[in-house]
Amino acid sequence: MKIEKKVTQKWFEQIMNGQKTFELRLADWKCEPGDSLVLVEIDESRNPTGRTLERQVGTIVKTKDIDYFTKEEIAEHGYQVISLLEVSK
């Protein structure tokens with residue numbers, strides 16, 4: 001399936017140059033590994049700039065699926081999403 005989502009210029013640039021290799025989104029829509037995510041760059045006024053990127057959906061982790069931490073730990077620390085990049089040599 002091909003899914004289109006908007007992304008701000010800052011994040012679009014980082015995704016385009018390979019620095020940002022993840023997306024954090026509200027889970028109010030469905031996608032599956034292998035789907036195509038078409039990212040539409042938008043400006044400060046939320047208007048499309050005309051640039052798009054297409055990326056394949058890989059692993060999906062939903063926070064309701066994560067039961068590794070206690071409610072107290074989550075309340076104190078929250079979550080962080082970490083991008084994993086290849087090691088530069």
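Just the residues that are in a loop (DSSP other than H, G, I, E, B), among the acidic types (Asp, Glu) and surrounded by 10 or more Cβ atoms within 10 Å (Cβ to Cβ), please, taken from segment 43-89. Break it down into steps so the answer makes sense when it comes.
Initial filter on segment 43-89 (in a loop (DSSP other than H, G, I, E, B)): 43-47, 57-62, 66-70, 78-89.
Pick out the ones that are also among the acidic types (Asp, Glu) and you get 43-44, 67, 86.
Once the filter is applied, which keeps residues that are in a loop (DSSP other than H, G, I, E, B), among the acidic types (Asp, Glu) and surrounded by 10 or more Cβ atoms within 10 Å (Cβ to Cβ), segment 43-89 yields only Asp43.
Please indicate, with yes or no, whether at least one residue in segment 4-22 is surrounded by 12 or more Cβ atoms within 10 Å (Cβ to Cβ), assigned to a loop (DSSP other than H, G, I, E, B) and of a type outside the set (A, V, I, L, M, F, W, C). Please lay out each step first, then the result.
Step one: filter segment 4-22 for residues surrounded by 12 or more Cβ atoms within 10 Å (Cβ to Cβ), giving 5-9, 11-16, 20-22.
Next, only the ones that are assigned to a loop (DSSP other than H, G, I, E, B) stay: 20-22.
Then drop every residue that is not of a type outside the set (A, V, I, L, M, F, W, C), which leaves 20-21.
Scanning segment 4-22, I find at least one residue that is surrounded by 12 or more Cβ atoms within 10 Å (Cβ to Cβ), assigned to a loop (DSSP other than H, G, I, E, B) and of a type outside the set (A, V, I, L, M, F, W, C), so the answer is yes.
Find all pairs meeting these conditions: Cβ atoms under 7 angstrom apart; at least six residues apart or on different chains; first residue within segment 52-64 and over 18 Å from Leu84 (Cβ atoms); second residue part of a strand (DSSP E or B) and of a type in the set (Val, Ile, Thr).
The qualifying pairs are Thr52/Val38; Thr52/Val40; Glu54/Val38.
Read-outs: derived from the displayed coordinates by stated rules, not from any lab. These numbers come from a predicted model, not from an experiment. Counting neighbours? That spans all protein chains shown, and the Cβs are built from the backbone with ideal geometry, glycine included.
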